[in-house]
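Everything below concerns the one structure shown next.
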Amino acid sequence: MDILNAVVVLANFVLIPALSYGSQLALGALGVTLIYGILRFSNFAHGDTMAFGAMVTILFTWAFQNMGISIAPLPTALLALPFGIVVTAALLLATDRVVYRFYRQQKAKPIILVMVSLGVMFILNGIVRVIIGPGEQRFEDGARFIINARQFKEMTGLEEGLAFKASQGLTIVVTIIAVAALFWFLDRTKMGKSMRAYSDNEDLALLSGINPERVVRITWILAAILATTAGVLYGLDKSFKPFTYFQLLLPMFAAAIVGGLGNPLGAIVGGYIIAFSEVTLTYAWKKVATYFLPASLAPDSLMQLLSTDYKYAVSFTILVIVLIFKPYGLFRGKAV
Amino acid sequence: MRNAALFALVAALYIATGMMQSWNTALAIFNMGLISAVMALGVNIQWGYAGLFNVGIMGFVALGGLATVLVSMPPVTEAWAAGGARMLAALAFGAGTIAAGIATFRRMQPGRRRALAVAAIFAVGFVLYRWAFDPARDAIEAIDPASTGYLGGLGLPILIAWPVGGLLAAAAAWGIGKTALGLRSDYLAIATLGIAEIIIAVLKNEDWLGRGVKNVVGLPRPVPYEIDLQDTPEFVARATELGLDPATASSLWVKLCYTGLFAAVLLALILLTQLALKSPWGRMMRAIRDNEVAAEAMGKNVTRRHLQIFILGSAICGMAGAMMTTLDGQLTPGTYQPLRYTFLIWVMVIVGGSGNNWGSVLGGFLIWWLWIQVEPIGGFVMNLITMPLPEDSGLRLHLLDSVQHIRLLTMGVVLLLVLRFSPRGLIPEK
Amino acid sequence: MSGADPQMAGKPEPFLIGEAMTGGYGRGADILHDCTIAVDKGQIAVIVGPNGAGKSTAMKAVFGMVDLRLGAVRLDGQDITALTPQARVAMGMGFVPQTHNIFTSMTVEENLEMGAFLRQDDIRGTMEQVYELFPILKDKRRQAAGELSGGQRQQVAVGRALMTRPSLLMLDEPTAGVSPIVMDELFDRIIEVARTGISILMVEQNARQALEIADKGYVLVQGSNAHTGSGKALLADPQVRKSFLGGTE
């Protein structure tokens, strides 16, 4: 029995990866939930918005790398991120102007907007593939690790190593900053409060003189910031491939619904719930168990509950459980 | 009148393809057009009659594909001997666990004890299930993995797989509908998106069931093989009489046989859906769609009706999926893409005219033709555009390379334009 | 005009008047027929009548939420018939809807802030005034409005509308669903508001109590003016008593 090593293995393969994946999901789900709260539809294009934002950021990153601009040890992508956000925000605002606004004025049913967002998704997906191609792109540079496994072993003298990738650390730090800034905006500024008011009670917000178009514009800008940031962090941490962003839709929606659609705090909690469930259920616990249990009880199977190919089944199962038992989510989101 | 003209126009597209490219190509596109029309019909039932947004068409189509394997492939007796019984027992046990969990949930009073009891049943059930399942799976997959490694099917005629595919899809739809219907309309969309991903994941990973990404090839056919036709003297004689060489003629004849089968299914479905639409049941469905609150107030059980129609529509998609796999002659789980199997069908329904069965059929044929032809046309256009650029220019190569992705863009633009400027589609609902 | 209030003749124009209004929602049938509602500066006007008489519709028409085919609405002599409700808010009309009249997920104080959204100046003074009027709100100002009791929520709703410093406050059944004690208290507060010079126009189910505090009462029947007069006069009118007030006590 060796608890210390068990904890290190746990941290290395479960806690840190789940924390950074959860942060990425939380940022994505925040965008979904904000759009839902204000525009009142589930935006199926959000995954591809993330891909678009990440792509623009990658293009800027490459440009900076070619020019020899670097902020090492931080990845150049971090420097390119604001540019990616600006372009993505411009794209979303233009999309709203050309596509969504019409349906808003028509007071179309939410499901029509969902369908329209599907069309937008198609187009974004096409744009991304035309510009950067469907393949995998690498764009990370700067330091690879905050702590790598060898250093950790030397430092602590433990048998197991702990690797803390720079991209994981960056994800966690950036997420904390982004979430803090978002909540400051929503809770402390007049504009943010008016967004919450509009989300809470549209008619009364209008009676109070809140300009709906302005609220909508701010929402798209926030969505662009969150989606691009989430997309870039995910790309840095894993790798950039357009199709994976489409596949993130399900866990993101699941996170937003688990927390209660329209509720920002819920989206964050939901993101971590989904990520931790996914990682713990698809992790092979053999190593941890070997350290924890006396040698006589050491397991001979992998002790993996689900193969990693079924990680989407985890989000889906959680989604189904929530839909059955608590359809408005843990933090009671908006009911329309 | 207008509608007839539209159908004539689409027919002209196919005929033009036949004359300009080849009749073989035209027929191949037409056959998939028939299948697309069936899928569009299924989706139209859900959307047009009831306003249900199903984003998981791909999953139901894939279940239909699985049905062809389960029905038509010969059983692998060694695999059955190695682990068949244990596998069946494991699956039965898994189903039993779920049933026991649900029963416990229904019987006990709400509270912490119930939650614990249900969780315990599922946890213990899952461990036992894996204990039974894993060795069975390993044993089955170990049997000649290069060519089998799965249980095989029932060895029945493949046409039986079509209704079976419908049944499989219906069962999945029942599960999803039970969960997500009666809640917000977006939830059904998200839930169906999820189930489709999971069905594909199962198909890709459960090798014992359908060989996963190793694919099942050589599914039996409901129509003759080209090679047999070419060996039949009468056929060769008939072909020469018509001035065709035997190879082309056999390929055309096989395709025509499929056309006949698919067209029969499509016509039967159109007949049934049109009758249903005009029946009191169809009127009630549309009344519910147009005003759920009023319908509910009149004592209609809206959720139940929605469940009914969701199952029906999904079953049609499942059947179409079985037809498609039959046409392909192989099950290749790796090729199921949501963009191709879910969203393309949606474009067909919206462009054709949601709520109108003829509209979705038209949309099926038209959009499928476009989907196939946009690529060569796009390549041609792109070649023209990039003419001024030097042969080895990076931009030129990149643009030529990306022609295939322009299809996605085109479909997205078509969908948005129709939704915006002609939301009722080419053939609007009456 | 035939439907115009006969008592208005020869008097100076009231502060707000919806004159000879005819119309309904969208292209639907007319709900109001030649209906006139007016209120003077600092006075309380009450619209009463049987269910389905178009009471709320009459008030919404004054606020621009009904499509008027005929008639006009004038505020302080200015024709505002064509203005949107939002523009009317900016002109000093405060409206408290019957339901969904607070931001349930926001705190009491944030509700008041949102009421003052259009104002660029310092709103703290107005907020203090609202807290003076409804002291309980001050204690609960950090609490989510949705967690308050029915009567307190109505106070938040009225307070929110007061934050724009309106010259006219319109209340759609402010006492619906609250207990009699709370109702009396709410009416007291409404009188206090009127004393500060704000005109009040309200629709009420509790006709007797409402008419008791009303300077002016309008009894509507099927979208038309049936009886008009001071609150006291209407309470004393045997016909009004017989047809509308008999059953309320």
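The values are calculated or read from the model by the stated rules, or taken from the named source; none is laboratory data. All of these numbers come straight from a predicted model, not from anything done at the bench. Cβ coordinates were reconstructed from backbone atoms using ideal geometry, including for glycine residues, and neighbour counts include every protein chain displayed. These accessible areas exclude ligands, DNA and RNA; they are computed on the full protein's heavy atoms, side chains included. Shrake-Rupley method; radii C 1.70, N 1.55, O 1.52, S 1.80 Å.
The table below gives the values:
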read-out	value
Single residue of B:A237, B:A263, B:A196 found to be free of Cβ contacts under 8 Å to residues at least 24 places away in the same chain and small (G, A, S)	B:A237
Subset tally (residues that are part of a strand (DSSP E or B) and crowded, with 21+ Cβ neighbours inside 10 Å) for region C:93-118	4
Yes/no for B:V217 being within 11 Å of another protein chain (Cβ to nearest Cβ) and either at pLDDT 90 or above or open to solvent by 40 Å² or more (accessible area, probe 1.4 Å) (or both)	no
Unique match (being small (G, A, S), open to solvent by less than 30 Å² (accessible area, probe 1.4 Å) and farther than 24 Å from A:T317 by Cβ) among A:A227, A:A289	A:A227
Selection count where residues are open to solvent by less than 50 Å² (accessible area, probe 1.4 Å), touching a Phe, Trp or Tyr at 6+ places or on another chain (Cβ under 9 Å) and without any contact (Cβ under 8 Å) to a residue 40 or more places away in the chain, scope region C:180-228	1
Hits in region A:237-294 (condition: in contact with a strand residue (DSSP E or B) (Cβ under 6 Å, 6 or more places away or on another chain) and within 14 Å of another protein chain (Cβ to nearest Cβ))	A:A284
Residue check for B:W346: in contact (Cβ under 8 Å) with a residue 60 or more places away in the chain, open to solvent by 30 Å² or more (accessible area, probe 1.4 Å) and in a helix (DSSP H, G or I)	no
Lone unmet requirement of (1) open to solvent by less than 10 Å² (accessible area, probe 1.4 Å); (2) modelled with pLDDT of 90 or more; (3) not β-branched (V, I, T) for B:D186	(2)
Sole residue being within 30 Å of B:I367 (Cβ to Cβ), open to solvent by less than 30 Å² (accessible area, probe 1.4 Å) and not charged (D, E, K, R), chosen from B:G64, B:G101	B:G64
Positions within region C:111-138 being at the interface with another protein chain (Cβ under 7 Å from one of its Cβ atoms) and free of Cβ contacts under 8 Å to residues at least 24 places away in the same chain, in sequence order	C:F117
Breaking point among (1) open to solvent by 10 Å² or more (accessible area, probe 1.4 Å); (2) touching a strand residue (DSSP E or B) at 6+ places or on another chain (Cβ under 7 Å), for A:F13	(2)
Meets criteria (under 23 Å from A:F183 (Cα atoms), more than 14 Å from chain C (Cβ to nearest Cβ) and open to solvent by less than 10 Å² (accessible area, probe 1.4 Å)) for A:L204	no
Tally of residues being farther than 18 Å from C:I181 by Cβ and open to solvent by less than 20 Å² (accessible area, probe 1.4 Å) across region C:144-155	1
In region A:94-117, the residues that are farther than 18 Å from B:V55 by Cβ and assigned to a helix (DSSP H, G or I)	A:A94, A:T95, A:D96, A:R97, A:V98, A:V99, A:Y100, A:R101, A:F102, A:Y103, A:R104, A:Q105
Residue match in region A:106-125 (condition: modelled with pLDDT of 90 or more, among the basic types (K, R) and out of contact with any Lys or Arg (no Cβ under 6 Å at 6 or more places or on another chain))	no
Subset tally (residues that are more than 7 Å from chain A (Cβ to nearest Cβ) and either aromatic (F, W, Y) or not in a helix (DSSP H, G or I) (or both)) for region B:182-202	1
